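The values are calculated or read from the model by the stated rules, or taken from the named source; none is laboratory data. The model shown is predicted, which means the values in this text are computed figures rather than measured ones. Here the Cβ is made from the backbone with ideal geometry for all residues, glycine too, and neighbour counts use every protein chain on show. For accessibility, only protein heavy atoms count, side chains too; no ligands or nucleic acids. Shrake-Rupley method; radii C 1.70, N 1.55, O 1.52, S 1.80 Å.
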Amino acid sequence: MNDKDLAKAEDIAKEIEEGKLREERYKKRTRRRNKIERDLLEQLGEENKNDSHYKELIKDYLFMWDTIQELKLDIKERGVSVFWQNGEHQKGYKKNDSIREMTTVSNQMLKILSDLGLKPSKAEKDGDDGEILL
C-alpha cells in the first residue's frame, strides 16, 4: 500500500469514527429531547395537555432546543471568532454569529415557558454536562 492509499484509508476510518460519534450524540440528544417533552407536557397538566395551542408551543420550544444544540456545536467547532475573506486583501476575524443567535433563541425559549406558565425541564438541567448533543 502506497502513501496515497494509506492516507485515503485513514481518511475513511476517520469519517466512519466521526459518523459513529455523531450517531451516538444524536441518540443521546433524542432521548434527552423526549424527556424534556414529557416533562413539559406533564407540567401542563391534564386539562391543557390536549390543547393544540399549548402542544404547538411545546413543539416550537423543542425546535428551538434543537437549534441551540446546533449553535453550540458551531461555536465549539469554529470558536467565538471566525475568519472571513472577501478578496485577496480583505480578510480578518469577526464574531461568530451563532453566539448572538443563541442568545436570541434562548430568550425566545424562556418567553414560551413563561407564556405556558412552566419551568425549564429538569431533564435539561440534569443532562447538561456540557456535552453537545448533535
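Would you mind checking the radius of gyration and Dmax of the chain based on alpha-carbon positions, in Å?
20.0, 69
Out of segment 82-125, which GluC sites (Glu not before Pro) are coil in DSSP terms and have no more than 12 other C-beta atoms within 10 Å?
The qualifying sites are Glu88.
Mind checking the per residue accessible area of segment 16-134 for me, 1.4 Å probe, whole number of Å²?
70
Mean shadow of segment 36-75, computed from the convex hull of its alpha carbons, in nm²?
So the Cα hull casts an average projection of 2.7 nm².
For Lys28, which lysines qualify as cross-link partners when the Cα separation must be under 24 Å and same-chain residues fewer than eight apart are set aside?
Hits, sequence-local ones excluded: Lys14, Lys20, Lys55, Lys59, Lys72, Lys76, Lys119, Lys122, Lys125.
So how far apart, in nm, are the two label points at Glu88 and Ile16 if each is 7 Å from Cα heading toward Cβ?
For the pair Glu88/Ile16, the computed spacing is 4.5 nm.
Run the dipole for the chain about the Cα centre, Lys and Arg Cβ at +1, Asp and Glu Cβ at -1, nothing else charged, and hand back the magnitude in debye, nearest 20.
Result for the chain is approximately 220 debye, rounded to the nearest 20.
Heavy atoms only, 1.4 Å probe, whole protein assembly: order Phe63, Phe83 by accessible area, highest first.
Largest accessible area first, the residues go Phe63, Phe83.
Using the charge dipole of the chain (Lys, Arg: +1 at Cβ; Asp, Glu: -1 at Cβ; taken about the Cα centre), state which of Gln85, Leu21, Pro120 has its Cα farthest towards the positive end.
Ranked along the dipole, the leading option is Pro120.
Within segment 13-52, what whole-number % of the accessible surface is contributed by carbon and sulfur, with the 1.4 Å probe and all protein chains included in the calculation?
So the carbon and sulfur contribution to the accessible surface is 46 percent.
Could you give the length gained on full extension between Phe63 and Ser114, defined as 0.36 nm per residue of separation minus the Cα-Cα distance, in nm?
Between Phe63 and Ser114, full extension yields 16.7 nm more.
Between Glu70 and Glu24, how many nm apart are label points set 7 Å from Cα along the C-beta direction?
Rounded to a tenth, the inter-label distance reads 2.4 nm.
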